[in-house]
Amino acid sequence: LHNHGFWRPRPLLDTARFTLSFNSRHRKSHQDSQALWKHEAVQKYLETLSKEYQQVSHLLSADSLNDFEQRALRRRCADLSPIAAAFQEVKEAEREVQELEAMCTELDSRDEKQLLELALEEKESLDKKMNVLCRKLFQLLVPKEKYDRSPVILEVTAGRTTGGDICQQFTKEMFEMYQSYADYKHWTFDIVNYMPAEIGGLHHAAAHISGENVYRHLKYEGGTHRVQRIPETGLSSRMQRIHTGTMSVIVLPQPEEVDVKVDPKDLRIDTFRAKGAGGQHVNKTDSAVRIVHLPTGLAVECQQERSQQMNKEIALRTLRAKLYQQIIEKQLSQEQSARKLQLGTRAQSERIRTYNFTQDRVTDHRISYDARNIKEILSGKEALDKLINRLLEFAEIEAVTQYLENLQALEGGG
């Protein structure tokens, strides 16, 4: 295609080629999509893509192209078309905002006070529209991850604390939060394993969650979650002493077709009596199943179904997902060893979020985001969805920002 003299495909953003990370040094100037839109490098990059789209569209009308060239140009046109359209949408909305701002500066007399109030309301509405359009544009720029649409295996495990059992109680609350969130998102939440603690809390639990874009929404939940609270029972509650505890979340993407061959000779399968949250079968039959993959030492359990065979099938499916996860991580480490965006089994030592009950505040340390009203977050509905979407937006902004910085560095280096 280079024989046409001027068309050279501009690389679209590729998340596999740079580090996407959450850290305390995040870019203060790009905390929302609209702020990033105003960045000079973003404008330049989008203008370049827009011009390329026009060039490709023009080339497609040429009679001299062969079949190979036609196919290549159509693919490129399909990639660029939604980006070019969204770019024009944002520019049009920006013009509307600028015209309204110009009008507001002129409406300063008392006679026009009511008109000014209406104009300011309209400006607020346009600002929201701008942010939505900018978010849409950057979502188009950032490619969807391979596993974003996949169902997941979500596991929660209580940590340890000095005295009290706030970790187990908090783990139970977190598991119930994700169960409620699945219901809020109209997902299917199937409990695979449930190991309750003696005093009403939870040691460990796992669930299979399926639905629309499950992994995309839950992929940043993996990591260590910290709780700070005064226990409701025991000596610490009477002393009004704040305890700190942790629990960990692991989110494993589970593609519909997990092509991992497991040799039956490599498995040790044990059965035992269930210790689940209820049901007549609990502690009466050896329906629970534990499978150990001997070469790797991976172990999974399932005790939720009455049938031992069904529990075995679920446990095997979970084991395949974990083995598949190891393959994914190996591929990622080979592609880029410095990649910080963890996929699935995240670094458990990294505290990602703190739930401070005494101050009624949830803090996500990766994006310096504070949310009030812990009960609303733990209810697993709108407040949690807002926090998760803020994480997704921040990841998109970081991806675009770092990509453009890398691109500028490459261009600057010749």
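Holding the Cα-Cα limit at 18 Å, pick out from 51/91; 38/144; 146/381 the pairs that are longer than that. Checking Cα-Cα distances, 38/144; 146/381 exceed 18 Å.
Taking all protein chains together and a 1.4 Å probe, the residues 50, 61 rank 61, 50 from largest to smallest accessible area. With every protein chain in place and a 1.4 angstrom probe, the accessible-area ranking of 115, 267, largest first, reads 115, 267. Using a probe radius of 1.4 angstrom, the carbon and sulfur fraction of the accessible surface of segment 33-141 is 48%. By a 1.4 Å probe calculation restricted to protein chains, residue 241 has an accessible surface near 110 Å², given to the nearest 10. Taken per residue, the accessible surface of segment 33-141 reaches 61 Å², heavy atoms only and a 1.4 Å probe. The Rg/Rh ratio for segment 33-141, using Cα coordinates for both the radius of gyration and the Kirkwood hydrodynamic radius, is 1.19.
The values are calculated or read from the model by the stated rules, or taken from the named source; none is laboratory data. Bear in mind that the values here come from a model prediction, so they are computed numbers and not experimental data. Note: areas computed on protein heavy atoms with side chains; ligands, DNA, RNA excluded. Shrake-Rupley method; radii C 1.70, N 1.55, O 1.52, S 1.80 Å.
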